[in-house]
Amino acid sequence: QVQLVESGGGLVQAGGSLRLSCAASGRTFSRDKMGWFRRAPGKEREFVAAISRSDDSTYYADSVKGRFTISRDNAKNTVYLQMNSLKPEDTGVYYCAAGSKRYSIPADYDFWGQGTQVTVSS
């Protein structure tokens with residue numbers, strides 16, 4: 001089992017920044033991919049970013065490339081999502097997830113955190 005706890009969400013003005021954290025515990029080594037997804041009001045959950053444990057490869061949705069950065073601290077078992085130049089359309093609940101297969105497919109992730117709300121005002 002893997003337990004994931006997100007933190008760092010909040011209310012920010014457009015153009016601002018936030019850093020989300022995902023603290024992982026349990027058998028984290030059993031899952032290669034750590035990903036961030038978000039769900040905007042009335043929309044499906046969508047991929048934001050992912051990082052591979054095996055080779056540190058990173059992956060981003062086109063909508064966040066150049067603005068968001070995913071990273072991890074193995075010593076702290078924590079994954080981060082640095083979000084810069086935030087836009088109102090970035091508003092949503094952000095979820096951390098752990099999985100082993102395709103990095104952008106929610107169904108391929110086995111463990112999920114409870115989510116943290118990010119609200120970007122215009």
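The values are calculated or read from the model by the stated rules, or taken from the named source; none is laboratory data. Model, not experiment: these values are computed from the prediction. In this analysis, Cβ positions are derived from the backbone assuming ideal geometry, glycine residues included, and neighbour counts consider all displayed protein chains. Quick note on the areas: whole protein, heavy atoms, side chains included, nothing else; ligands and nucleic acids left out. Shrake-Rupley method; radii C 1.70, N 1.55, O 1.52, S 1.80 Å.
Tell me, what is a quarter of the convex hull surface for the C-alpha atoms of segment 7-61, in nm² with one decimal?
Result: 5.2 nm².
Leaving out ligands and nucleic acids, and using a 1.4 Å probe, what accessible area per residue does the chain come to in Å²?
Using a 1.4 Å probe on heavy atoms only, each residue of the chain averages 51 Å².
Percent relative contact order of the chain, based on C-alpha pairs within less than 8 angstrom and at least six residues apart?
Averaging sequence separation for qualifying contacts and normalising by length gives 36 percent for the chain.
Tell me, what HN-Hα J-couplings in whole Hz come from the Karplus equation 6.51 cos²θ - 1.76 cosθ + 1.60 at θ = phi - 60° for each residue of segment 87-95, using x for Gly and Pro?
Per-residue couplings from phi come out as 10, x, 6, 7, 4, x, 8, 9, 10 Hz.
Can you list the HN-Hα couplings for segment 44-61, worked out from phi with the Karplus curve (6.51, -1.76, 1.60; θ = phi - 60°), rounded to whole Hz and with x for Gly and Pro?
6, 5, 10, 5, 10, 7, 8, 9, 9, 5, 6, 9, 6, 4, 10, 9, 9, 5
Distance between Cα centroids, segment 57-116 to segment 11-26: provide it in whole Å.
What the calculation gives is 10 Å, centre to centre.
Ser71 label point, 7 Å along Cα→Cβ, cut-off 14 Å on backbone N: hits in segment 19-53?
19-22
Per 0.36 nm of contour for each residue apart, how much would the distance between Glu89 and Lys43 grow if the chain were fully extended, relative to their Cα-Cα spacing?
15.4 nm
Would you count, across the chain, every pair of lysines whose alpha carbons are under 19 angstrom apart, provided the pair is eight or more residues apart or spans two chains?
So the count works out to 5.
Give me, ordered by chain and number, the residues 5 or more places off Gly115 or on other chains with an amide H under 5 Å from its own placed amide H.
Glu6, Cys96
Throw me the Rg/Rh for the chain, computed over C-alpha atoms with Kirkwood Rh, two decimals.
0.94
Enumerate the amide H contacts of Phe68 below 5 Å, restricted to partners 5 or more residues apart or on another chain; note that Pro and chain-start residues carry no placed amide H.
Here Asn84 satisfy the definition.
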